[in-house]
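Accompanying notes for the structure given below.
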Amino acid sequence: MLSDLDIAQAAEIKHIKTIAAKIGITEDDLQYYGKNKAKLPLDLIDEEKIKKAKLILVSAVNPTPAGEGKTTVSIGLNEGLNKIGKKAIVVLREPSLGPVFGIKGGAAGGGYSQVIPMEDINLHFTGDFAAIEKANNLLAALIDNNLQNKVGNLGIDPRTIKWKRVMDMNDRALRQITIGLGGTLNGIPREDGFNITPASEVMAILCMSKDIDDLKLRLGNIFVGYTFDKKPIFARDLKAQGAMALLLKDAIKPNLVQTLEGNPAILHGGPFANIAQGTNTI
């Protein structure tokens, strides 16, 4: 029996412009990431067309301990609908490197129900997770910078800070750490920790935002902690939202790839923040 990797590597991958043409998207609308992947501009979203479409939500499957099933079912459903003449697109979350290198393994489907290029999708893909990680950690750095500096100091109580750093890897040793050691030049010592990147609030915000302005507003509303006077502090108080949104300017755009049978697939966001899978028929 062939492995998932063998099946994916043996597949004939069509140029992404061919996949885009199937759903009425022109070459000029695509932001290419090589021949097999592309970003889609947000102005393609048409709320009126969305109202006329049907959404099949695959939110849960009788799971294995690692939780496999939703992606494979969603892709297979998309293949079947296209086979009987429906114009369907499978919409999936992007894989996280933690599970990919953990017990679960890849998250681009399995067997003959996969999205390709599987290796790219399971690894760095179009850099969305890296952008989310940088935006999250930029806010973390601004928080610690504000604790350290006299100018513009908001008086944040370090004991109340809820914002953690993130990285897209399973590393339990970083869940609870102490930072700011090494003298006055290296910050204020305090307890901190790391989450995995898809568990970041930035990931949830990215999945929910309609456009850059909406993204900025939601990023600005991130709760950071309290001052010593019990006043709540948000990312907007640190003037972080603009820089964070800039780092996410491409990550907010959905990614277009294809299934093994050459049908369109859109990948956007990550697990935890955007856990449901879906197949959209138009």
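The values are calculated or read from the model by the stated rules, or taken from the named source; none is laboratory data. All values derive from a computational prediction rather than experimental measurement. We place every Cβ from the backbone using ideal geometry, glycine too, and count neighbours over all the protein chains shown. Heads up: the accessible areas ignore ligands, DNA and RNA and are worked out on the full protein's heavy atoms, side chains in. Shrake-Rupley method; radii C 1.70, N 1.55, O 1.52, S 1.80 Å.
State which residue is most open to solvent (accessible area, probe 1.4 Å) when the search covers only the stretch 171-200 and only residues that are touching a residue at least 60 places away in the same chain (Cβ under 8 Å) and out of contact with any Phe, Trp or Tyr (no Cβ under 7 Å at 6 or more places or on another chain).
ILE196
Listed here are the residues, each with its yes/no results for (1) in contact with a strand residue (DSSP E or B) (Cβ under 7 Å, 6 or more places away or on another chain); (2) part of a helix (DSSP H, G or I); (3) closer than 25 Å to PRO271 by Cα; (4) small (Gly, Ala, Ser).
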position	(1), (2), (3), (4)
TRP163	yes, no, yes, no
VAL166	yes, no, yes, no
CYS207	no, yes, yes, no
LYS216	no, yes, yes, no
VAL224	yes, no, yes, no
ARG236	no, yes, no, no
LEU246	no, yes, yes, no
ALA251	no, no, yes, yes
GLN258	yes, no, yes, no
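Of the residues ILE84, ILE132, only one is open to solvent by 60 Å² or more (accessible area, probe 1.4 Å), modelled with pLDDT of 95 or more and not hydroxyl-bearing (Ser, Thr, Tyr); which?
That would be ILE84, the only listed residue that is open to solvent by 60 Å² or more (accessible area, probe 1.4 Å), modelled with pLDDT of 95 or more and not hydroxyl-bearing (Ser, Thr, Tyr).
If GLY102 meets every condition in (1) at pLDDT 95 or above; (2) assigned to a loop (DSSP other than H, G, I, E, B); (3) of a type outside the set (Phe, Trp, Tyr) apart from one, which number is that one?
(1)
Is there a residue being touching a Gly at 6+ places or on another chain (Cβ under 7 Å), buried (at least 20 other Cβ atoms within 10 Å of the Cβ) and outside any loop (DSSP other than H, G, I, E, B) anywhere in the stretch 119-129?
yes
Please report, ordered by residue number, the helices (runs of 4 or more DSSP H) entirely within the stretch 1-77 with at least 1 residues that are modelled with pLDDT of 95 or more.
Answer list for the stretch 1-77: 4-10, 16-22.
Taking the criterion of being farther than 30 Å from GLU261 by Cα and touching a residue at least 24 places away in the same chain (Cβ under 8 Å), would at least one residue in the stretch 113-132 satisfy it?
yes
Please verify whether ASP229 is acidic (Asp, Glu) and either buried (at least 21 other Cβ atoms within 10 Å of the Cβ) or out of contact with any strand residue (DSSP E or B) (no Cβ under 7 Å at 6 or more places or on another chain) (or both), treating the condition exactly as stated.
Yes: the conditions hold for ASP229.
Among the residues of the stretch 140-170, how many are of a type in the set (Phe, Trp, Tyr) and open to solvent by 60 Å² or more (accessible area, probe 1.4 Å)?
Selection size over the stretch 140-170: 0.
Tally time: how many residues in the stretch 55-86 are in contact with a Lys or Arg (Cβ under 8 Å, 6 or more places away or on another chain) and of a type outside the set (Ser, Thr, Tyr)?
Here the count works out to 6.
Residues in the stretch 1-50 that are among the polar types (S, T, N, Q) and open to solvent by 90 Å² or more (accessible area, probe 1.4 Å): how many?
1
Name every residue in the stretch 35-60 that is without any contact (Cβ under 8 Å) to a residue 40 or more places away in the chain and either of a type in the set (Phe, Trp, Tyr) or closer than 15 Å to ASN255 by Cα (or both), in order of residue number.
LYS35, ASP43, LEU44
Filter the stretch 87-118 for residues that are open to solvent by 20 Å² or more (accessible area, probe 1.4 Å), touching a strand residue (DSSP E or B) at 6+ places or on another chain (Cβ under 9 Å) and basic (Lys, Arg) and give the result.
LYS87
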